[in-house]
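Report on the structure given below.
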Amino acid sequence: MYIIPAIDILNKKVVRLREGDYKQVTEYDVSLEEMIEKYQSNGTNFIHIIDLNGAKNDFSNQEYLFDVIRKTDMKVQYGGGIRSIEKVKELIDSGVHRVIVGTQALTNPSFLPDLAKEICGKDKCSDQVVVAIDVLDEVIKYSGWMESSPIKLMDYVDKCLQLGFFRFLCTDINKDGKLGGAGVDLYRKLLDHSPFIKLIASGGVSSMADVEELSHIKVESCVVGKAIYEGHISVEDVKNWNLDALISI
């Protein structure tokens, strides 16, 4: 298992939200470019960037974000406001390593089947497309966590698997931004239901002990944001953990 540092962008600023609430925003006095440079100079080559404006249909960040992404040679996992197959293809063609799809996949019944036809080869769905599952008390949320889906969690996972998508980014909203520990019980349920999915855990990681706990239940990777900004996990910790993970493969 490896750690993917997270950078959330709201109004072109690096921020973190608490429980996905846009009214509970912590801004950090650092730019996206500075954060990318910090990670890269410390031996990290994979980052997770979320456009929080885009997640609620405000695309004012996109030109800025795409410009930054094009200039970096880091692997970028990108999400927020991806509403069309054309946008998925544009991002992949521009060098984004993985594209996260969420709201459109839940609300447009033809989106995932059409995306599977356009993008997926033998392994490409897993390699290039990540399905976001943002969960509050086992209810799937979307549109910046402001709307609830009637689709049951495990039914949605099964639907995605049938179409060839098997990498999931699961955020436990109850845990997100609180630094109170990761949603291990939720991730364990998902892996018990579908042991072969590639699961990226997100939300609540507050220490390297949390990272250890997630590694024990065999998630593929975990996204860490606030714990780094608040000094609970250092960039050096991320580097050392990921180096050990690579060595052990």
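Looking at this structure, is residue 19 within 24 Å of residue 199 (Cα to Cα), open to solvent by 30 Å² or more (accessible area, probe 1.4 Å) and acidic (Asp, Glu)?
Details: within 24 Å of residue 199 (Cα to Cα): yes; open to solvent by 30 Å² or more (accessible area, probe 1.4 Å): yes; acidic (Asp, Glu): yes.
Yes, satisfied.
Identify the single condition in (1) open to solvent by less than 30 Å² (accessible area, probe 1.4 Å); (2) without any contact (Cβ under 8 Å) to a residue 60 or more places away in the chain; (3) under 21 Å from residue 221 (Cβ atoms) that residue 81 does not satisfy, given that it satisfies every other one.
It is condition (3) that residue 81 fails.
Are there any helices (runs of 4 or more DSSP H) wholly within region 158-241 with 2 or more residues that are under 13 Å from residue 3 (Cα atoms), and if so which? Don't jump to the end; show me each part of the working.
On the way: elements: 184-193, 208-216, 226-229.
Where helices (runs of 4 or more DSSP H) fall fully within region 158-241 and carry at least 2 residues being under 13 Å from residue 3 (Cα atoms), they are 208-216, 226-229.
Across region 31-53, what is the total count of residues that are free of Cβ contacts under 8 Å to residues at least 60 places away in the same chain, among the charged types (D, E, K, R) and in a helix (DSSP H, G or I)?
Summing the residues that are free of Cβ contacts under 8 Å to residues at least 60 places away in the same chain, among the charged types (D, E, K, R) and in a helix (DSSP H, G or I) in region 31-53 gives 3.
So how many residues does region 142-157 have that are assigned to a loop (DSSP other than H, G, I, E, B) and either of a type outside the set (A, V, I, L, M, F, W, C) or at pLDDT 85 or above (or both)? Write out each step before concluding.
Filtering region 142-157 for residues assigned to a loop (DSSP other than H, G, I, E, B) gives 143-146.
Checking the rest, the ones that are also either of a type outside the set (A, V, I, L, M, F, W, C) or at pLDDT 85 or above (or both) come to 143-144.
Summing the residues that are assigned to a loop (DSSP other than H, G, I, E, B) and either of a type outside the set (A, V, I, L, M, F, W, C) or at pLDDT 85 or above (or both) in region 142-157 gives 2.
List the residue pairs whose Cβ atoms are under 7 Å apart, where the first residue sits in region 221-237 and is closer than 16 Å to residue 30 by Cβ and open to solvent by 10 Å² or more (accessible area, probe 1.4 Å), the second is modelled with pLDDT of 95 or more and not in a helix (DSSP H, G or I), and the two are 6 or more positions apart or on different chains.
Cβ pairs passing all conditions: 228/5.
Can you name every residue in region 54-106 that is part of a strand (DSSP E or B) and either over 16 Å from the mean Cα position of the chain (by Cα) or not aliphatic (A, V, I, L, M) (or both)?
Taking region 54-106 as the starting set, the residues that turn out to be part of a strand (DSSP E or B) are 75-79, 98-101.
Across region 54-106, the qualifying residues are 75, 77, 78, 79, 98.
How about region 107-137: which of its residues are surrounded by 12 or more Cβ atoms within 10 Å (Cβ to Cβ), in a loop (DSSP other than H, G, I, E, B) and in contact (Cβ under 8 Å) with a residue 12 or more places away in the chain?
Across region 107-137, the qualifying residue is only 120.
Identify, by number, the condition in (1) open to solvent by 10 Å² or more (accessible area, probe 1.4 Å); (2) closer than 30 Å to residue 230 by Cα; (3) among the hydroxyl-bearing types (Ser, Thr, Tyr) that residue 187 doesn't meet.
Every listed condition holds for residue 187 apart from (1).
Of these, 64, 28, 39, which one is at pLDDT below 95, more than 23 Å from residue 133 (Cβ to Cβ) and open to solvent by less than 10 Å² (accessible area, probe 1.4 Å)?
Details: 64 fails: open to solvent by less than 10 Å² (accessible area, probe 1.4 Å); 28 fails: open to solvent by less than 10 Å² (accessible area, probe 1.4 Å).
Criteria check complete, one pass: 39.
Residue pairs, Cβ under 7 Å, 6 or more apart or interchain, first in region 164-187 and in contact (Cβ under 8 Å) with a residue 24 or more places away in the chain, second of a type in the set (Phe, Trp, Tyr) and open to solvent by less than 30 Å² (accessible area, probe 1.4 Å). List them.
Here the result reads 170/187, each pair linking region 164-187 to a residue that is of a type in the set (Phe, Trp, Tyr) and open to solvent by less than 30 Å² (accessible area, probe 1.4 Å).
Output the residue which, of all residues in region 138-172 that are over 12 Å from residue 194 (Cα atoms) and of a type in the set (Ser, Thr, Tyr), is surrounded by the fewest Cβ atoms within 10 Å (Cβ to Cβ).
In this case the residue turns out to be 148.
Within region 1-30, work out how many residues are in contact (Cβ under 8 Å) with a residue 40 or more places away in the chain and either part of a loop (DSSP other than H, G, I, E, B) or among the small types (Gly, Ala, Ser) (or both).
Within region 1-30, residues that are in contact (Cβ under 8 Å) with a residue 40 or more places away in the chain and either part of a loop (DSSP other than H, G, I, E, B) or among the small types (Gly, Ala, Ser) (or both) number 7.
Identify, from the list 75, 12, 56, the residue that is of a type outside the set (Val, Ile, Thr) and touching a His at 6+ places or on another chain (Cβ under 6 Å).
75
The values are calculated or read from the model by the stated rules, or taken from the named source; none is laboratory data. Predicted, not measured: the structure shown is a model, and the values here were computed from it. Glycine also receives a Cβ, built like all others from the backbone with ideal geometry; neighbour counts cover every protein chain displayed. Only protein heavy atoms, including side chains, enter the accessible area calculation; ligands, DNA and RNA are left aside. Shrake-Rupley method; radii C 1.70, N 1.55, O 1.52, S 1.80 Å.
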